[in-house]
Amino acid sequence: MKLFAYLKGDKVIWAIMMLLSLLSVLVVYSAVVTLAHKFKQGNSEYYLIKHFVIIVLGFGIAYVFHKIKYTVFAKVAQIGFILSVPLLLYTLLRGVSAGEASRWIEIPGIGLTFQSSDIAKIMLLLYVARVLTVKQDALQEFKGVVKLLLVPIGLICALILPANFSTAALLFVNCLCLMFIGRVRMKFMLYIIGACVGFAILLTVVVLNFPDAIPRGRTWKARIENFISGDTKTNYQSDQAKIAVANGGVIGKGPGNSTQRAFLPQASSDFIYAIIIEEYGLLTGVIMLFLYMVLLFRGIRILRDTDKTFGGFIAIGLSFSLVFQALINMAVAVNLFPVTGQPLPLVSMGGTSIWFTMAAMGIILSVSKSNEDTTAEKLETI
Amino acid sequence: MNANSHLADRKYIIGGFFILVAVIYIARLFYIQIIDDKYKLDAQNNAFRYITEYPVRGYIYDRNGKLLVYNEASYDLMVTPKETKGCDTLALCEVLQITKEDYLKRIKKACQAPNSPRKQSVFEKQMSAQTYAALQEKLYRFNGFFVQKRTVRKYPKPIAAHLLGYVGEVTKEKAEKDPYYREGDYIGISGMERSYEEALRGKKGVQIAITDVHNKVVGRYMDGKYDTLAIPGKPLFCTIDMTLQEYGEQLLRGKKGAVVAIEPSSGEILCLVSSPTYDPNLLVGGKERARNFTKLYYDSLNLPLFNRALQAMYPPGSIFKLIDALIAQRDGLIFRNTSFPCHGGYPPMGGKPKCHSHGGVDLPGSIATSCNSYYSYVFRAIVDQKKYPKFKDGYNYWRETVQSFGPGTNLGTDLPYDKPGNVPSVKYYNKVFGENGWRSNTIVSLGIGQAELTLVPLQMANVVATIANRGYYYTPHCVKGVGYEKKQDQKFKEKKYVSVQGETYYTNVIDGMQRCLDGGTATASKIKDIVMCGKTGTAQNPHGKDHAVFLAFAPRENPKIAIACIIENAGFGGTWSAPIVSLMVEKYLKGKITRPEMEKRMLEADLINGKNLLHEKH
Ligand SMILES: [Zn+2]
């Protein structure tokens, strides 16, 4: 393929991005077919075209990012991480004034909205990767770990938490994983995990008993209760998802033939995996899972090959974050996890989120590109 | 080195963990798909039900705000055969008073194309109020059944059937082409119901409900996000005068023909009668409708469904002389005092067409006496005039001028299916007689409104409205306001000028028309205190007795009504059509009838079944 000649970095990752994007176009196409068929509503092509444009622009973003030398991101992260605090704060307060949990910020003038947590997520992971590389000495003491890692991570997660619990929790676990790989001492890790388990228990108790004490407490309570009780009526959504999976069969019912889409309120984002299995079959579902796994192991490979550990940490941190999110989304669809509202990275419909995912991919590719360069340099020197 | 291998271990721990998760997922997916059959069953059970909310069809009012059409509620029992498992069939049969065999037959029909076991179709149409009440109580026992509320048309008076048209089930083709309609929906099929369908019908609402295995509604799809509310249809405020329409229908009872009356100053159709007619209540949805329709449709003797006022193309006869007189005057070919010889016919062609030896009458006199010879001269003068060295150009000129009055064109009225009539083309005559086989004398009978020339009654009324206006008309229409905001198509407010303009030309013709009732061919139909101007005509009918035509407007100054009447097989226009027009004009202008004997004679005459009171007298 000539196209690959222009693309630097890990070709396997590029291929995964393309395959997943292709899948997302297929899924949006089915959604359009169903909507157009059932409700005869106009502007059905609109969604398809809009999604296609978003994907193409997304690839543009990934392309631009992968051309940038990844060390630049270290500097950007230092400032960006600090800037993300007021951004999150603004989103939160604006949400409070509107009387609801708010996740979105509108860019004035062009009408685009984005989730401030999408930016904060990338910035935090870049920040943690940098600290793990540069401040290794200070991290030998628990005090250093707390000051340099736990406080900043806790602050960002705490700011995301009121509006989007699952994203905050996911990000936190993600950071822990990165710390784990980033040579933070095992003893410290155990302290932190112990503290987290304690906090989680406390939070569950509070939510279940005093749901009104926390914003969105009621929603969380309902979700947890539904998941635990397994009551068929309240667990309506997961049942519908299981029906979708059960009826997809190995090769699926074909595009646009999903009946369950109608019963699943978030068919194009939260429950997209179930719909994909219903329409494109178990085989496609397993292939998707495989693609995400490959993505993860390419991240691990980059870490292995890299001399400069900062790049490796970035790559593993970001690929973890994407794969982890994907696994959570799938877990919801197969009813192994309560409904969280996490989209499937690169596949779910949803404007600017796709661009942030693409940016993250671009950064990973940038690291893999510099690996290639150094390998080439080494070969030349020999 | 140690640190690095430690690092390697750690990342593979995470990697291994993810693989484990992936394996769990795959196992889980297989479990749901292959081992656990609970959800496969469920998939069959989920079903949508589209609950259509039909809007109320718009009412229709006459020009004085009197109700012409309204609605009554009706209830259809719908069935989805696939969902009838567990239905208390016996109880249902009892409520509907049908046998078990009937039940099975109907279910079978509901399963066959174009219906489908999975789709809802009508089980019982238009149940009575009592049946509906009895059914409603037990409906929960009748799985797969539900009641669809609709409305059917009702008519306070059994009149104006052709004008209003009727509503019926949409055809399969239409339902496929137009996404608004689904099979079984109602649609306006003819008349105003058809041309104003979009305004009258309103917009359907749909609720999408989710039902469980017991056919119980368990929720609304996406919290009603895709539900829509029904928007009621708009009322029509039409131009018809209900009293005049009813009177016209009474007068035409027992006769075949049509009467169309127009208000010249607006183009508003005051009445549009086509006889024989039918009671519009006969064609109101349900079982009865189909039976009645078949009966009316196959009545080949009377053709009651045929709207003669818009579709029957009659030779206009002598009324056409009015147009000839106007054209010839404009071209300076005749003047008020111009006279032509008449020796019981048109002398240059050996006394054909025939006439009554008038001789020496002037222009108004020629109209009052309807001299055939006079208009044979006039017609040839127009066609052979010097301006057009080739007579075919002259003929084309005559034809185009005639068409500006409406004949041979679709007027663009707001009623469907109007016919254009016919003014033959040069091409047509070339074909009939050969390129060089005809001259102006060959087609001279066109000048007196005969031969291939045809008009529909609406066009005749429009011609007389144009003369009443002295040279222009408004496109005839029967609706002056759609919806409470009384919207009207702008095209009905535009003056259309015909090709002949000039006050004197019209005055001369109108003088003749007035004389027609003052000692002319329609003297017997003169109305006391009202100056009516009219013209008789006899339309040649090759299949039998001639058709009687009369058109008129009144009063002479500021005309309020222009009217045309044609009675089939009634002979001379002055005998039948003129009195009917005269009575209707009097009724409209005075609100009462001063000539009861004339009215009685007209009302009682039954020309269809041969009860002709005039002939009985002889
Ligand atoms: Zn004569």
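The values are calculated or read from the model by the stated rules, or taken from the named source; none is laboratory data. Quick caveat: nothing in here was measured; it's all calculated off a predicted structure. Positions of Cβ are backbone-derived with ideal geometry, glycine not excepted, and every protein chain shown enters the neighbour counts. Side chains are part of the model used for accessible areas, which takes the heavy atoms of the whole protein and leaves out ligands, DNA and RNA. Shrake-Rupley method; radii C 1.70, N 1.55, O 1.52, S 1.80 Å.
Under the condition of being assigned to a loop (DSSP other than H, G, I, E, B) and not aromatic (Phe, Trp, Tyr), the residues counted in the range A:315-341 number 7. Counting only strands (runs of 3 or more DSSP E) that sit wholly inside the range B:419-522, those with at least 1 residues that are crowded, with 17+ Cβ neighbours inside 10 Å and among the basic types (Lys, Arg) are B:479-482, B:495-497. Scanning the range B:350-374 for residues that are in contact (Cβ under 8 Å) with a residue 60 or more places away in the chain and either within 9 Å of the ligand (Cβ to nearest atom) or not in a helix (DSSP H, G or I) (or both) yields B:Pro353, B:Ser366, B:Thr369, B:Ser370, B:Asn372. Being in contact with a Cys (Cβ under 9 Å, 6 or more places away or on another chain), surrounded by 18 or more Cβ atoms within 10 Å (Cβ to Cβ), more than 21 Å from B:Ser74 (Cα to Cα) and in contact (Cβ under 8 Å) with a residue 24 or more places away in the chain is a condition met by at least one residue of the range B:160-175. Residues in the range A:299-316 that are farther than 16 Å from B:Asp9 by Cα and under 17 Å from the mean Cα position of the chain (by Cα) were compared, and the one that is farthest from the other protein chains (Cβ to nearest Cβ) is A:Ile314. When B:His543 is tested against (1) surrounded by fewer than 16 Cβ atoms within 10 Å (Cβ to Cβ); (2) within 30 Å of B:Pro232 (Cβ to Cβ); (3) not aromatic (Phe, Trp, Tyr), exactly one condition is not met: (2). Scanning the range B:325-349 for residues that are in contact with a Gly (Cβ under 8 Å, 6 or more places away or on another chain) and within 11 Å of the ligand (Cβ to nearest atom) gives B:Ser339, B:Pro341, B:Cys342, B:His343, B:Gly344, B:Gly345. Out of the residues in the range B:375-387 that are in contact with a Ser or Thr (Cβ under 7 Å, 6 or more places away or on another chain) and open to solvent by 10 Å² or more (accessible area, probe 1.4 Å), state the one that is farthest from the ligand (Cβ to nearest atom). Applying the filter and picking the extreme gives B:Asp384.
Of the candidates B:Lys321, B:Lys255, the single residue that is closer than 29 Å to B:Met513 by Cβ and assigned to a loop (DSSP other than H, G, I, E, B) is B:Lys255. If you take the residues in the range B:323-372 that are within 42 Å of the chain's Cα centre (by Cα) and among the aromatic types (Phe, Trp, Tyr), which one is least open to solvent (accessible area, probe 1.4 Å)? For the range B:323-372, the residue satisfying everything is B:Tyr346. Taken over the range B:240-284, the criterion of being among the polar types (S, T, N, Q) and either within 17 Å of B:Tyr155 (Cβ to Cβ) or not assigned by TED's automatic domain parsing to the domain that holds B:Ile567 (or both) is satisfied by B:Thr243, B:Gln245, B:Gln250, B:Ser274, B:Thr277, B:Asn281.
One residue alone among B:Ser425, B:Ser440, B:Ser404, B:Ser445 is within 16 Å of the ligand (Cβ to nearest atom) and not aliphatic (A, V, I, L, M), and that residue is B:Ser445. Only a single criterion out of (1) open to solvent by 30 Å² or more (accessible area, probe 1.4 Å); (2) out of contact with any strand residue (DSSP E or B) (no Cβ under 7 Å at 6 or more places or on another chain); (3) at pLDDT below 90; (4) within 16 Å of the ligand (Cβ to nearest atom) is not satisfied by B:Asn302, namely (4).
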